[in-house]
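Note sheet for the following structure.
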Amino acid sequence: MDIIGYLLDFIQFQYRQICWLLLFICKYIPLKQWAFDDSNSPKYQKFKIDELPRIGFRQDEWDWHLLIPYFEFKYNKKIRPISRRKDCDLPDNCKCPACNAPKPYLYRNNGKGGQIKCKVCDTNFTPQDNRFSRQYILRCPHCGHSLVHKKDRKHFVIHKCVNPKCPYYLHNLKKVDKEHLQKPYGKNEYKLHYIYREFTLDFFSMDLNSLPKNASSLKFSKFDSHVMSLCLTLHINLELSLRKTSQALKDLYNIRISHQQIANYCKTAAICVKPFVDNYDYQAGDIFTADETYIKIRGIKTYIWFIMDAAKRSIIGYQVSDNRGVGPCILAMRMAFRHFKELPKEFRFIADGYSAYPLAAQQFFREFGDRFKFSITQVIGLTNDNAVSKEFRPFKQMIERLNRTYKSSYRKTNGFDNIDGANYDLALWVAYYNFLRPHKHKNYNVLNKVEMLEGADNMPGKWQLLIFLGQQTILNLQKQTTT
């Protein structure tokens, strides 16, 4: 037996095994720093939210009365008023914003361009756009340069770092394909510079307990509360349209009621039930999942925001909005965090790759500090291309199933006539989903058991008790506001 040939064959066998193991590890067991880093591609930068900027406060103003003798003593430089060759067209009340020097020490630096220069402190300024009027300056956290006001949006202002030597910009520039760099304006396809959005509207001061207007009373002239609860059962529980609900009441109970009257009943019930649903303590866990879907109002897209407790499957935050901005996302998060004084230590918020969620999380940290500091776990795409998507895909599918469940009840409406109708319908549906609907994963029991509702024998009776609980919640909220 040739021992050398045997050893060579064995070494080649070991080499093939090692190559196979390395391929297996690289394909299915990625390193930790790669597994949870989805920013390797520069295209994902559009979904990233940059950290908060550094805030620099403006220095104290100089005094021209002190600067003139100081320059003369320190540098032997005498500063005299400007000797003009022609009449000065500056207004008499024009003063330097830095040292408060009067008109005799000011002159136009670029002719009719509008820039004025101070001879005392050597400051350039423009009366119409005075940078010294700002109380603070936003600076890039990576290079320290002041941010430039770029764009005005509906609820925020975009500030951008335009420093070409910023390390954040240079780091992102290395990721861009060389083919795109050679194209004219190819870099504009990527988000390379540091960007900060300064909100002009305070979404944290908005009242979440405000009730809709134009509600009808519960004084019945022709029908009673039982007919109203029958309308809610057929329309919300059985997902019948308003006209089919009217037809079902006529065929089953010989009750002749118009579809408009049923809509009025639903509107009044939603106003009564919504405070109880929103203020109920769901005892939420430490994993939330969120998503947004769209509906149609007069043929125009309108968005529904859902936040669900992953453990109990309860809807703890929801919002209807005419835009897909960060404002409705913050309001839905405020509703979900209503009963939290601080977030749990292992709290996790799971959403898709939409940038509104990280931006809302940044605003919570800016408003409340470390008590509400959390990051967004983003499940991007439809396939498990990375370890994050593979691990948290079930939570994303959970909220997607919720969207489909709501869409099945929404489909009968063929769209809403106004956003108030969408709000009323959503409030009733969330109340039904959280307190009245049997769920398979709960052995066909409700998600949240309320002792008073357990005493009702049928669904119309449960709707009447739910309206009663909502009225009690409204009275308690009114007492809290008066005291």
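Summary table
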| read-out | value |
| --- | --- |
| Some residue of the stretch 342-362 being in contact with a helix residue (DSSP H, G or I) (Cβ under 8 Å, 6 or more places away or on another chain) and among the charged types (D, E, K, R) | yes |
| W34 vs. criteria modelled with pLDDT under 80 and farther than 30 Å from R197 by Cα | no |
| Candidate set from the stretch 89-120 (those that are under 25 Å from P69 (Cβ atoms) and at pLDDT below 80); member that is surrounded by the fewest Cβ atoms within 10 Å (Cβ to Cβ) | P97 |
| Test: residue in the stretch 408-420 that is among the basic types (K, R), touching a Ser or Thr at 6+ places or on another chain (Cβ under 9 Å) and farther than 22 Å from I316 by Cβ | yes |
| Among (1) open to solvent by 20 Å² or more (accessible area, probe 1.4 Å); (2) small (G, A, S); (3) closer than 18 Å to I419 by Cα - the single one A332 does not satisfy | (1) |
| Search result, residues across the stretch 335-355 that are touching a residue at least 60 places away in the same chain (Cβ under 8 Å) and either surrounded by fewer than 22 Cβ atoms within 10 Å (Cβ to Cβ) or hydroxyl-bearing (S, T, Y) (or both) | M335, R338, E346, F347, R348, D352, G353, Y354, S355 |
| Among residues of the stretch 454-483, those that are open to solvent by 70 Å² or more (accessible area, probe 1.4 Å) and not in a helix (DSSP H, G or I), counted | 3 |
| Lone unmet requirement of (1) open to solvent by less than 50 Å² (accessible area, probe 1.4 Å); (2) without any contact (Cβ under 8 Å) to a residue 24 or more places away in the chain; (3) of a type in the set (V, I, T) for T289 | (2) |
| Given (1) open to solvent by less than 40 Å² (accessible area, probe 1.4 Å); (2) touching a strand residue (DSSP E or B) at 6+ places or on another chain (Cβ under 8 Å), number of the condition E400 does not satisfy | (1) |
| Some residue of the stretch 363-375 being under 22 Å from E198 (Cβ atoms), touching a strand residue (DSSP E or B) at 6+ places or on another chain (Cβ under 9 Å) and touching a residue at least 40 places away in the same chain (Cβ under 8 Å) | yes |
| Failed item in (1) more than 30 Å from Q378 (Cβ to Cβ); (2) within 28 Å of the chain's Cα centre (by Cα); (3) among the aliphatic types (A, V, I, L, M), with A427 passing the rest | (1) |
| Breaking point among (1) farther than 15 Å from M308 by Cβ; (2) open to solvent by 20 Å² or more (accessible area, probe 1.4 Å); (3) in contact (Cβ under 8 Å) with a residue 60 or more places away in the chain, for K390 | (3) |
| Some residue of the stretch 137-158 being surrounded by 14 or more Cβ atoms within 10 Å (Cβ to Cβ), touching a Lys or Arg at 6+ places or on another chain (Cβ under 8 Å), closer than 30 Å to R80 by Cα and not β-branched (V, I, T) | no |
| Any pair with Cβ under 9 angstrom, 6 or more apart, that starts in the stretch 247-267 at a residue that is within 13 Å of L230 (Cβ to Cβ) and ends at one that is of a type in the set (F, W, Y) and open to solvent by less than 50 Å² (accessible area, probe 1.4 Å) | I255/F223; I257/F223; I257/Y265; Q261/F223; Y265/F223; C266/Y424 |
| Test: residue in the stretch 423-444 that is assigned to a helix (DSSP H, G or I), loosely packed, with under 15 Cβ neighbours inside 10 Å and in contact with a helix residue (DSSP H, G or I) (Cβ under 9 Å, 6 or more places away or on another chain) | no |
| Filter result for the condition that a residue is under 21 Å from the mean Cα position of the chain (by Cα) and open to solvent by 20 Å² or more (accessible area, probe 1.4 Å), over Y318, Y294 | Y294 |
| Flag for F57 being open to solvent by 100 Å² or more (accessible area, probe 1.4 Å), modelled with pLDDT under 60, in contact with a helix residue (DSSP H, G or I) (Cβ under 7 Å, 6 or more places away or on another chain) and of a type in the set (A, V, I, L, M, F, W, C) | no |
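The values are calculated or read from the model by the stated rules, or taken from the named source; none is laboratory data. Keep in mind it's a predicted model, so treat the numbers as computed, not measured. With ideal geometry, Cβ positions are generated from the backbone for all residues, glycine too; neighbour counts draw on all protein chains shown. With ligands, DNA and RNA removed, areas are computed over all heavy atoms of the protein, side chains included. Shrake-Rupley method; radii C 1.70, N 1.55, O 1.52, S 1.80 Å.
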